[in-house]
Amino acid sequence: MNEFNLSKLNAKVSDNCVFVSNLAVRYQSAAAPEERMAMAIKIENAATMLRISAERLATETKNVYGGGSNEES
């Protein structure tokens, strides 16, 4: 993977952050408990997508730029 692909992954993480933020705003404005529950489920799913994208970006960044041998996750 090269730096261009890292940029694409970074953009994906950024887009996922904005999506989660927009869902949070919609959650706050939801009136009915059913709406809030549906939005909470969507936020949870989006947050999982964000976590996966961020982990992939971290792994690929480490592969491109190297990482310390004493770092463990």
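The values are calculated or read from the model by the stated rules, or taken from the named source; none is laboratory data. The model shown is predicted, which means the values in this text are computed figures rather than measured ones. Please note: Cβ atoms are built from the backbone with ideal geometry, for glycine as well, and neighbour counts cover all protein chains shown. Keep in mind that these areas ignore ligands, DNA and RNA; they rest on the heavy atoms of the full protein, side chains included. Shrake-Rupley method; radii C 1.70, N 1.55, O 1.52, S 1.80 Å.
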Worksheet entry | Conditions (1) open to solvent by less than 80 Å² (accessible area, probe 1.4 Å); (2) in contact (Cβ under 8 Å) with a residue 12 or more places away in the chain; (3) under 14 Å from the mean Cα position of the chain (by Cα); number of the one not met by residue 12 | (1)
Worksheet item: If a residue has to be part of a helix (DSSP H, G or I) and open to solvent by less than 80 Å² (accessible area, probe 1.4 Å) to count, how many in region 55-67 make the cut?
Response: 6
Item to complete: Restricting attention to region 43-54, report how many residues are open to solvent by less than 100 Å² (accessible area, probe 1.4 Å) and free of Cβ contacts under 8 Å to residues at least 24 places away in the same chain.
Response: 4
Item to complete: Answer yes or no as to whether residue 22 is surrounded by 15 or more Cβ atoms within 10 Å (Cβ to Cβ) and in a helix (DSSP H, G or I).
Response: no
Discussion item. When you check residue 40 against the structure, is it touching a residue at least 12 places away in the same chain (Cβ under 8 Å) and closer than 30 Å to residue 65 by Cβ, yes or no?
Written reply: no
